[in-house]
Amino acid sequence: MSWLDWVVLFLTLVTIVIYGSWKTRKNKDLEGYLKGNNSENWMTIGLSIMATQASAITFLSTPGKAYEDGMGFAQFYFGLPLAMIIISAFFLPIYYRLKVFTAYEYLERRFDVRVRAFTAFLFLLSRGLAAGITIYAPSIILSTLLGWNLELTCVMIGGFVIFYTVSGGSRAVSLTQKWQMTIIMGGMITAFFFVVQSFPESFRFSQGVDLAGSLGKMEIIDLSTDFESRYTMLSGLTGGLFLFLSYFGTDQSQVQRYLGGKSLKASRIGLMFNGLVKIPMQILILFIGVMVFVSYQFNKPPIVFNDHTVQLTASQENELKKIENAYDVNFEEKRLAILNLPEFPTERDYAPIQEMQEKQDEYRTQYKEKLKNYDADYEDKDGDYVFLTYVLNYLPTGLIGLLLAVIFSAAMSSTAGELNALASTTTIDFYKKFISPGDDDKRDLSVGKWLTVFWGLIAIGVALVAGLFDNLIELVNILGSLFYGTILGVFLVAFFFKGVKGTAAFIAGLVGQAVVLFIHLMVTTGNWDIGFLMYNIIGSVTVILVAICIQIFMPNKKSVIRES
Amino acid sequence: EPKDDPTNWNGWYMGLIAALAFQIIVYLLITNAYS
């Protein structure tokens, strides 16, 4: 990194932090602090929703996914526009009419305080830990590739976020997210042009796309109905729909973004905007990964992107060197073969290149297996490191600083949305409900601010210890999918089955949660094979069915009807 | 809906579904071209 990169990086980050704090320095009460006095227009809401969802790891690992497996990951988002429509039609009008601060507040009005506290607690537990991983995940990659101090990187990201989130509340989060999103998209589009620029002069962009296609990177859609394959159109439209319905409809870190809209209409258009541009945005990020793959046909990629950290013996080094030499020879042959392709290559012209690419992947796998044998702790999934490695090695000075600002902005915008929502839920669903129900604007505002600091410190704390426990990161990622199905089930009962009352909903929530935990136990012990996306569907369907059954068999039953 | 919002929301929803369908068709064509 040169001085210019540092200047670009710090100027971008500091400007955004100061702008967000300055513009929102006058908060008088909790309403302004948590909902921004309902002043956001649809554009701010749309960008804010996207910025909360897209964390740093989105921009680091998505190009890596395309580099390794092509663009199939885009299918994961196919259910998102459908979720936006359902939330817009059924969830939003009720949240707005009841003027709630949090999604869980609605559940008390619809059911009872037990259901509200139960769902709010599940949210605080999973999101509080997840905020730590939002900070940790990019920090570990940055510290590995740039040699930065890991702890300092975590504290810096967390500290910046706490600074403007505490002082400006929800409005500061939305305003800064708008600019962070602008920097993120500007940086990614600029990177795209520079990656394509790196192709040899005689090699056109269209030839690059064609080459990527012949090597299997342009297959976006998988129509198979096999639930074993990771990303298919079917799993995106079903599992993805349930996941995004719970994330955008019931997770306070998203609900808070659109509750601050100046009208129901503004919030709806914001959601529609997200539904319209989210998939193209993911396609763009994946396509950048494909272009990095093409560029790496002419510039030799490292055999592994995540280097080992343990000291190897001379004989081990020799073994690795042997594989690397074969890898180098194969790469050079492949590079020359690609440069000698005719202008309009046929399937036959591509065949030897495909073979050499398979050989290259094979050497890479062998090398990783050896490393894994020498060092059991070696992290052999190196997809997250591909894009940043490319940026640091091949992009010009200044642009590296901009791309690092993109990664920091994405980490900060997601963390800010999470901290702000955690503080709101703690303030509204626990403090104002159980500890101090009276109205005292000054005191409530200060409690909201201190709770933001509290959750910020928790997030930094989780980030600092995440590296110590291998399983912690996995646990946090799983935690979300363990609770989402249950919470969504409770909300779906609330919206669509008006006859079901509080007790039935509460018991159904507990039963649904127990079923999901049991399934997870069976999966981890290797008895069953069920994907995480299915957890949401099973969890929510269980809650709905159990709630209806209990309500029917309970004394004083009312008819269980779907609201038409 | 509030009385002052004459927006045809069903039109918006159909538009969004049409946009999704259009994207899926384009991505299918790209996939088929290279598979």
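The values are calculated or read from the model by the stated rules, or taken from the named source; none is laboratory data. Small disclaimer: the values here were computed from a predicted structure and weren't measured. Note: ideal-geometry Cβ built from the backbone for every residue, glycine included; neighbour counts use all protein chains shown. With ligands, DNA and RNA removed, areas are computed over all heavy atoms of the protein, side chains included. Shrake-Rupley method; radii C 1.70, N 1.55, O 1.52, S 1.80 Å.
Worth a mention:
- Checked against the criterion of being over 35 Å from the mean Cα position of the chain (by Cα) and in a loop (DSSP other than H, G, I, E, B), the stretch A:302-313 has at least one qualifying residue.
- For the stretch B:16-35, the candidate set comprises residues that are open to solvent by less than 70 Å² (accessible area, probe 1.4 Å) and within 19 Å of A:P345 (Cβ to Cβ); within that set, the residue that is farthest from the other protein chains (Cβ to nearest Cβ) is B:I30.
- Residue ID - surrounded by the most Cβ atoms within 10 Å (Cβ to Cβ), chosen from residues in the stretch A:492-506 that are not in a helix (DSSP H, G or I) and not hydrophobic (A, V, I, L, M, F, W, C): A:K501
- Lone unmet requirement of (1) within 30 Å of A:R348 (Cβ to Cβ); (2) open to solvent by 20 Å² or more (accessible area, probe 1.4 Å) for A:V195: (2)
Quick grid of which residues meet (1) within 25 Å of the chain's Cα centre (by Cα); (2) under 15 Å from A:A405 (Cα atoms); (3) in the same structural domain as A:F408 (by TED's automatic domain parsing):
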| position | (1), (2), (3) |
| --- | --- |
| A:V7 | no, yes, yes |
| A:L11 | no, yes, yes |
| A:V17 | yes, yes, yes |
| A:R25 | no, no, yes |
| A:L34 | yes, no, yes |
| A:N41 | yes, no, yes |
| A:I45 | yes, no, yes |
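- Which numbered condition A:I133 fails, given (1) under 17 Å from the mean Cα position of the chain (by Cα); (2) at pLDDT 90 or above: (2)
- Whenever a residue of the stretch A:455-471 is open to solvent by 60 Å² or more (accessible area, probe 1.4 Å), its partners that are modelled with pLDDT under 90, lying with C-beta atoms within less than 7 angstrom and at least six residues away or across chains, give the pairs A:L464/A:E151.
- Tally of residues being aliphatic (A, V, I, L, M), part of a loop (DSSP other than H, G, I, E, B) and either away from chain B (no Cβ under 14 Å) or touching a Phe, Trp or Tyr at 6+ places or on another chain (Cβ under 7 Å) (or both) across the stretch A:192-217: 0
- Filter pass, A:K65 being open to solvent by 10 Å² or more (accessible area, probe 1.4 Å) and either touching a residue at least 24 places away in the same chain (Cβ under 8 Å) or part of a helix (DSSP H, G or I) (or both): yes
- Residue match in the stretch A:158-174 (condition: among the hydrophobic types (A, V, I, L, M, F, W, C), crowded, with 24+ Cβ neighbours inside 10 Å and more than 18 Å from A:I458 (Cβ to Cβ)): yes
- The listed residue being in a helix (DSSP H, G or I), open to solvent by 20 Å² or more (accessible area, probe 1.4 Å) and of a type in the set (A, V, I, L, M, F, W, C), out of A:W179, A:W148: A:W179
- Filtered residues of the stretch A:77-115 (kept if within 13 Å of another protein chain (Cβ to nearest Cβ), hydrophobic (A, V, I, L, M, F, W, C) and in contact (Cβ under 8 Å) with a residue 60 or more places away in the chain): A:F78, A:L80, A:L82, A:A83, A:M84, A:I85, A:I86, A:I87, A:F90, A:L92, A:I94
- Sole residue being surrounded by fewer than 18 Cβ atoms within 10 Å (Cβ to Cβ) and modelled with pLDDT under 90, chosen from A:R109, A:R127: A:R109
The rows are residues; the columns are (1) touching a helix residue (DSSP H, G or I) at 6+ places or on another chain (Cβ under 6 Å); (2) open to solvent by 10 Å² or more (accessible area, probe 1.4 Å); (3) modelled with pLDDT of 90 or more.
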{"site": "A:D29", "(1), (2), (3)": "yes, yes, no"}
{"site": "A:S39", "(1), (2), (3)": "no, yes, no"}
{"site": "A:L47", "(1), (2), (3)": "yes, yes, yes"}
{"site": "A:L60", "(1), (2), (3)": "yes, no, no"}
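- The number of residues in the stretch A:73-105 that are part of a helix (DSSP H, G or I), open to solvent by 10 Å² or more (accessible area, probe 1.4 Å) and not small (G, A, S) comes to 12.
- Condition check for A:I189: among the hydrophobic types (A, V, I, L, M, F, W, C) and either away from chain B (no Cβ under 14 Å) or closer than 30 Å to A:E355 by Cβ (or both): yes
- For the stretch A:360-410, the candidate set comprises residues that are more than 21 Å from A:V310 (Cβ to Cβ) and of a type in the set (V, I, T); within that set, the residue that is surrounded by the fewest Cβ atoms within 10 Å (Cβ to Cβ) is A:T397.
- The listed residues are A:I288, A:I269, A:I220, A:I279, and the only one of them that is assigned to a loop (DSSP other than H, G, I, E, B) and open to solvent by less than 30 Å² (accessible area, probe 1.4 Å) turns out to be A:I220.
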